[in-house]
Every structure is written in C-alpha cells, then in structure tokens.
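Here's the structure, in structure tokens; my notes come after.
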Amino acid sequence: MTRTVPIDTLAAEIRAGNRAALARAITLIESRREDHQARARELVQALLPHTGSAIRVGITGSPGVGKSTTIDTLGIYLIEKGHRVAVLAVDPSSARTGGSILGDKTRMAQLANDDRAFIRPSPSSGTLGGVAAKTREAMLLCEAAGFDVVLVETVGVGQSETAVCDMTDIFLALMLPGAGDELQGIKKGLVELADMIAINKADGDNINRANTAAASYRAALKILTPRSLHWFPPVLTYSGLTGAGLPELWQKILDHRTAMNASGDFAARRSQQQVKWMWAMLEDRMKARLRSDPTIRAKVKQLEARVADGRVTPALAAEQIADMLR
C-alpha cells in the first residue's frame with residue numbers, strides 16, 4: 001500500500017497524526033529494497049522541517065532491570081500531563097536467524113491501549129549499540145506526527161551503547177539494587193555515557209538496598225569525567241512498578257534540557273548527531289553496494305575464501321574491497 005501512496009500525501013497524513021500512516025512509513029524506512037529506500041529518503045526530507053522539537057530520551061539497562069515497566073509507567077504519567085509519547089523499542093535479533101521476539105507491546109500494556117501513545121518495536125538486526133538501523137528516521141517521523149516525547153529503549157545486553165547517545169538528548173541508565181557489589185557490576189563505558197542513573201525497584205524491602213546502590217554510584221561518578229561540563233549526572237531511586245520517584249526522574253530530564261540549552265551544549269550535540277548520522281548512512285550505503293552489485297559480491301566471496309584458508313591477510317583483502325568500491 002505504501003508504494004502506491006504519493007510521498008506528499010503520506011507526509012500530510014503523518015503530520016495529521018494518522019497512526020496507520022506513521023506505521024506504514026516506518027515499515028517503508030525499514031525496508032531494504034532500493035526503491036523503498038529512495039522513497040524513504042524523500043519522505044524524511046519532506047518531513048524534516050517539522051521535526052526536532054521533541055524530547056528524545058535514550059533508556060538502557062541490563063535485561064530484567066525493568067525497562068519496559070518503567071517506560072509503561074512513565075509514559076502514562078507523561079500522557080496524563082498532556083504529552084504524546086512515542087516509544088521506539090529495539091528488540092534483540094537472533095545472531096543466527098535474524099529473528100526477534102518483538103514483544104514490547106505486551107510488556108507495555110497500559111501504553112499500548114492508549115491512543116496518545118505509539119509503540120514501535122523494531123529488530124536490532126545486529127546493529128551496533130542495540131539500536132535498529134532506522135531508529136533515527138523513525139524518531140523523526142514520530143516527531144512529525146506530533147509526538148513530543150520519544151523514548152528509545154535499547155537492548156541493553158552489553159554491547160556498545162554509543163549509538164543511542166548519538167541520537168538522543170539525554171541517556172538514562174537503569175540499574176538494580178542489591179545485585180551483588182554494585183561497583184564491580186558497573187560497566188565503566190556505560191556509566192561514562194550516562195547523563196543520569198536511576199535505580200529501579202526502590203519499593204518494599206528494596207528501598208534500603210536501592211539507597212545503598214545509589215550512594216555507591218554517586219561515589220563512582222565522582223572519579224569519572226562527565227559528558228558535559230555543564231551537567232553532573234544525578235543518581236535517583238524510583239519504582240517502575242508503583243511509579244514512586246518517576247515525577248522526580250522526569251523533572252531531572254527537564255532540568256538537563258534546560259541546562260544544555262543554557263550552555264549551548266544542546267544545539268552542539270544535535271549538530272554532532274546529524275553529522276554522525278550522515279557517516280552512519282554512508283557506511284550503510286557502502287555495505288548495501290557490496291551486497292547488491294553481483295560482480296563485487298562474487299569477488300568478495302572469493303576474497304572471503306582466500307582469507308579463510310590463510311592465503312590473503314584480512315588487511316589486504318579489506319584494501320582490495322575498498323578498491324572495488326572506488
């Protein structure tokens with residue numbers, strides 16, 4: 001259906017808040033077909049002037065930390081405050097089959113049933129950082145459709161989380177209380193990237209453990225260099241289940257935006273993200289050419305075989321492939 005709808009018509013439907021049109025458009029940008037990709041680029045370009053005003057929040061954490069529950073409860077809180085919330089939830093893809101569960105809608109039952117929210121699970125498909133290859137474009141489409149808060153849930157299984165920092169305004173790392181020695185459990189790279197750390201499940205018997213974990217993280221952050229000279233990452237405790245502490249967490253997100261705007265870091269970060277996006281897209285196009293050009297693909301297969309049996313070094317093979325692209 002998307003192929004027969006003119007781009008200007010599809011863009012107008014998205015701007016009017018047509019959820020079905022938004023879903024079709026995201027399917028279009030996720031397609032690997034060359035004709036679909038050309039249409040997707042045209043669509044994003046047409047909608048670009050109507051994007052950029054949303055608050056973009058990246059949320060990560062290890063499996064079991066309660067990301068989906070947190071997003072569900074936080075999303076309902078924001079909707080009650082008058083916001084429209086889009087959730088781009090990236091599911092882990094199987095490294096062997098490429099399949100993914102895409103079960104986030106079942107884990108965000110409240111948001112999934114609210115017309116003021118839009119949830120789009122997308123397979124990560126092996127993309128570095130646990131972020132779907134087209135999440136950036138999907139985020140822009142959601143903004144053009146009138147969603148003023150975009151929450152990006154990353155896989156959070158230990159791979160580099162740099163990608164989510166390159167497309168969001170604030171990076172929130174969720175942690176668990178009482179999970180052994182918190183300091184030993186810190187992924188230094190993750191904590192250095194975080195603009196805020198939040199300890200989930202601070203309810204019932206866990207409150208004391210959550211406060212202890214928060215104190216440990218605060219101490220650890222003092223010896224790390226923050227991402228911005230104008231913002232020191234706070235450490236909060238909250239309960240995704242009961243909602244306790246979520247208003248304070250959201251206020252810190254707003255405080256971060258205010259501080260970044262006042263210092264000029266907000267505009268600088270958005271500009272840097274655009275440039276990084278360009279390079280990421282260029283890498284994708286180069287890889288697509290390797291896959292689509294039959295002559296190059298055949299030569300690459302031959303080089304792979306020669307590298308595998310030790311006749312050619314990986315460095316020399318990479319140089320030869322680069323020559324083909326030239």
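So here's what we get for this one:
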quantity	calculated
Complete set of residues in region 240-249 that are modelled with pLDDT under 95 and surrounded by 18 or more Cβ atoms within 10 Å (Cβ to Cβ)	240
Any hit, region 130-137, residues being modelled with pLDDT under 80 and of a type in the set (Asp, Glu)	no
Subset tally (residues that are open to solvent by less than 30 Å² (accessible area, probe 1.4 Å) and farther than 21 Å from residue 66 by Cβ) for region 250-279	4
In region 39-79, residue farthest from residue 175 (Cα to Cα) [restricted to those that are in a helix (DSSP H, G or I) and of a type in the set (Gly, Ala, Ser)]	46
Residue match in region 189-207 (condition: touching a His at 6+ places or on another chain (Cβ under 9 Å) and either open to solvent by less than 50 Å² (accessible area, probe 1.4 Å) or not in a helix (DSSP H, G or I) (or both))	yes
Single condition residue 254 does not satisfy, out of (1) within 20 Å of residue 52 (Cβ to Cβ); (2) modelled with pLDDT under 95	(2)
Options 74, 78, 48; residue that is within 16 Å of residue 150 (Cβ to Cβ), in contact (Cβ under 8 Å) with a residue 12 or more places away in the chain, hydrophobic (A, V, I, L, M, F, W, C) and open to solvent by 20 Å² or more (accessible area, probe 1.4 Å)	48
Criterion: under 30 Å from residue 54 (Cα atoms) and at pLDDT below 90 - qualifying residue of 236, 229	229
Some residue of region 187-196 being more than 18 Å from residue 78 (Cα to Cα), at pLDDT 75 or above, of a type in the set (Lys, Arg) and out of contact with any Phe, Trp or Tyr (no Cβ under 7 Å at 6 or more places or on another chain)	no
Some residue of region 7-20 being of a type in the set (D, E, K, R), farther than 16 Å from residue 284 by Cβ, surrounded by fewer than 19 Cβ atoms within 10 Å (Cβ to Cβ) and touching a strand residue (DSSP E or B) at 6+ places or on another chain (Cβ under 7 Å)	yes
Test: residue in region 139-156 that is modelled with pLDDT under 75 and either surrounded by 21 or more Cβ atoms within 10 Å (Cβ to Cβ) or not in a helix (DSSP H, G or I) (or both)	yes
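The values are calculated or read from the model by the stated rules, or taken from the named source; none is laboratory data. No experiment lies behind these values; they were computed from the predicted model shown. All Cβ positions, glycine included, derive from the backbone under ideal geometry; neighbour counts span all protein chains shown. Each accessible area value is taken on the protein alone, full model and side chains, heavy atoms only, with ligands, DNA and RNA left out. Shrake-Rupley method; radii C 1.70, N 1.55, O 1.52, S 1.80 Å.
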